[in-house]
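Student: Dropping a structure here in structure tokens format, bear with me for questions.
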Amino acid sequence: MSAQARHYEDKLAFEIDSWDLKVAIDAGEPIVVIDARPASAYGKRHIPTAINLPHRQMAEADLSFIPAGATVVVYCDGIGCNASTKGALNMTRLGFPTRELIGGLDWWLRDGYPVRTGTAPGSFAEAPDFIAAGI
């Protein structure tokens, strides 16, 4: 296999776009979405099932809420923010299968998907409500 083909395979293994994330959530795949931005940004708007876990706090956090076998998807504002890259690196170093959301919240919104406001945490358990609402 060429180096170029390996490059693209790696990108697809380690990144996900908002459409694929929405499809995976709708299908009930075991995905935990983590918003790696500060709580103030999370409170303004976030992906409905997202947990707020700023990248600077990941190493000290209790991550027992992540189900075994779940894939962690980390995001931030978008291409002008690298909190998702830092968070994806942290979660990978902590041993979780991790993907970074391409374009972050910005592209999630551009694709017309909903957001929530407030600081109440989303949860993996919310995914069925998210699906049932047809969002």
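Student: Amide H neighbours of Val32 under 5 Å, at least 5 residues apart or on other chains, H built in the peptide plane: list them.
Tutor: Residues meeting the amide H criterion: Thr71, Val72, Val73.
Student: State the extension gain, in nm to one decimal, for the chain segment bounded by Glu9 and Arg45, taking 0.36 nm per residue of separation less the distance between their alpha-carbons.
Tutor: 9.8 nm
Student: With Cβ to Cβ distances under 10 Å as the rule, what net charge do the other residues near Cys76 carry (K, R +1; D, E -1)?
Tutor: After counting each charged neighbour, the total is -2.
Student: What is the Cα centroid distance between the stretch 13-56 and the stretch 65-89, reported in whole angstrom?
Tutor: That distance is 7 Å.
Student: Using Cα pairs under 8 angstrom and six or more residues apart, how large is the relative contact order of the chain, in percent?
Tutor: RCO, the chain: 33 percent.
Student: Additional query: Can you tell me the length gained on complete extension of the stretch Gln57 to Leu109, counting 0.36 nm per residue apart and subtracting the Cα distance?
Tutor: Working it through step by step, the gained length comes to 16.1 nm.
Student: Follow-up question, since we're still on this one. Hey, if you drop one equal point scatterer on each alpha-carbon of the chain and run the Debye formula without solvent, what base-10 log of I(q)/I(0) do you get at q = 0.14, 0.19, 0.21 Å⁻¹?
Tutor: Values, matching the q order: -0.58, -1.08, -1.33.
Student: Of all DSSP beta bridges in the chain, what percent run antiparallel (nearest 5)?
Tutor: Close to 10 percent.
Student: Just to verify a number: FRET efficiency for Glu29 and Asn82, C-beta to C-beta distance, R0 = 41 Å, to 0.05?
Tutor: Here the calculated transfer efficiency is 0.95.
Readers should treat all values here as calculations from the given coordinates under stated rules, not as data from a laboratory. Bear in mind the structure is a predicted one, so any value in this text is a computation, not a measurement. In this analysis, Cβ positions are derived from the backbone assuming ideal geometry, glycine residues included, and neighbour counts consider all displayed protein chains.
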